[in-house]
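Written below as structure tokens is the structure these notes are about.
The values are calculated or read from the model by the stated rules, or taken from the named source; none is laboratory data. Computed from a prediction, not measured in an experiment: that's the story for all the values here. Methodologically, a virtual Cβ is constructed for each residue, glycine included, from the backbone with ideal geometry; neighbour enumeration extends over all protein chains shown. With ligands, DNA and RNA removed, areas are computed over all heavy atoms of the protein, side chains included. Shrake-Rupley method; radii C 1.70, N 1.55, O 1.52, S 1.80 Å.
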Amino acid sequence: TVTRAAVDLSIMGIFGGFFILPLKVYVQQRSDEAQRGRILAFDNFISFVFMLAASALVYIGSAQGWFQDTRTVLKVCVLITGFVGFFAFYRLPNFFVRFIIVCVTRLCYKMKVEGNENIPAKGPVLLLPNHVTWMDGFLITAATSRQVRFLISDMYYNIPIFKPFFKWANFIPVPEAK
């Protein structure tokens, strides 16, 4: 039905935004300021080329009889998008985890960040919070736009069930004082 198609396309558009927006932000944050305009223009050019290629694939596939109906086209699009999504997740896992942490933290807590202008946009920086709860890491991640790496006691880092996550999230183990 038309209503079902509208709902499905709306859902695809929303989740497409979840897919593309973090990548666009990543490109903007990680690009050199002097080259940012050129990089964003090239990014948009690449996006256009792939949209054109996808349109050509659908047109040729329909003419050749590969796609019998719209459902088949959508299934192929889902497979391609899923493959690209998993590839992006594999290449940028910290960015995805940060995105989830920021969304959940800001949904659960009303935060007012003061002094964010004191954190430099580039270069090394140390954030030394007064460790009050285990939520500190989530709150710090949500409060700054910078990529944050955390120090963690090797006693906690080496817990077998958590170690793969800590390694994946680039936590830095610190030996306990003896």
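Residue-by-condition table, conditions (1) within 30 Å of Pro164 (Cβ to Cβ); (2) loosely packed, with under 11 Cβ neighbours inside 10 Å; (3) modelled with pLDDT under 80:
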{"position": "Phe15", "(1), (2), (3)": "yes, no, no"}
{"position": "Ser31", "(1), (2), (3)": "no, no, no"}
{"position": "Leu79", "(1), (2), (3)": "yes, yes, no"}
{"position": "Arg106", "(1), (2), (3)": "yes, no, no"}
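Looking only at residues that are within 16 Å of Leu128 (Cα to Cα) and assigned to a loop (DSSP other than H, G, I, E, B) in the stretch 140-149, which one is least open to solvent (accessible area, probe 1.4 Å)?
At the first step, the residues of the stretch 140-149 found to be within 16 Å of Leu128 (Cα to Cα) are 140-144, 146-149.
Right, trim to assigned to a loop (DSSP other than H, G, I, E, B) and you get 144, 146-149.
Values: Thr144: 9, Arg146: 49, Gln147: 65, Val148: 28, Arg149: 138 Å².
Only one residue fits best here, namely Thr144.
Within the stretch 56-71, does at least one residue satisfy the condition of being open to solvent by 70 Å² or more (accessible area, probe 1.4 Å), of a type in the set (Gly, Ala, Ser) and either more than 19 Å from the chain's Cα centre (by Cα) or within 30 Å of Thr141 (Cα to Cα) (or both)?
The answer is yes; a qualifying residue exists.
Mind telling me which of the residues Ile46, Ile39, Ile20 ends up being loosely packed, with under 12 Cβ neighbours inside 10 Å and without any contact (Cβ under 8 Å) to a residue 40 or more places away in the chain?
Step by step, each of Ile46, Ile39, Ile20 is checked, and only Ile46 is loosely packed, with under 12 Cβ neighbours inside 10 Å and without any contact (Cβ under 8 Å) to a residue 40 or more places away in the chain.
Within the stretch 90-100, does at least one residue satisfy the condition of being surrounded by 13 or more Cβ atoms within 10 Å (Cβ to Cβ) and at pLDDT 80 or above? Give the steps one after another, and end with the answer.
We begin by selecting, within the stretch 90-100, every residue surrounded by 13 or more Cβ atoms within 10 Å (Cβ to Cβ); these are 92-99.
Keeping just the survivors that are at pLDDT 80 or above gives none.
No - not one qualifying residue is present in the stretch 90-100.
Report, by residue number, each residue of the stretch 123-147 that is in contact with a Lys or Arg (Cβ under 8 Å, 6 or more places away or on another chain) and of a type in the set (Val, Ile, Thr).
Our first condition is that a residue be in contact with a Lys or Arg (Cβ under 8 Å, 6 or more places away or on another chain); within the stretch 123-147, this holds for 125, 141-142, 147.
Selection gives Val125, Thr141.
Which ones in the stretch 55-81 are among the hydroxyl-bearing types (Ser, Thr, Tyr) and within 21 Å of Ala6 (Cα to Cα)?
Result: Ser55, Thr70, Thr72, Thr81.
Go through the stretch 150-170 residue by residue and tally those that are at pLDDT 85 or above, open to solvent by less than 90 Å² (accessible area, probe 1.4 Å) and in a loop (DSSP other than H, G, I, E, B).
2
One residue is enough: does the stretch 119-135 have a residue meeting the conditions surrounded by 11 or more Cβ atoms within 10 Å (Cβ to Cβ) and farther than 27 Å from Gln28 by Cβ? Give the derivation first.
At the first step, the residues of the stretch 119-135 found to be surrounded by 11 or more Cβ atoms within 10 Å (Cβ to Cβ) are 119, 125, 127, 135.
Going one step further and asking which of them are farther than 27 Å from Gln28 by Cβ, we end up with 135.
Yes: one or more hits.
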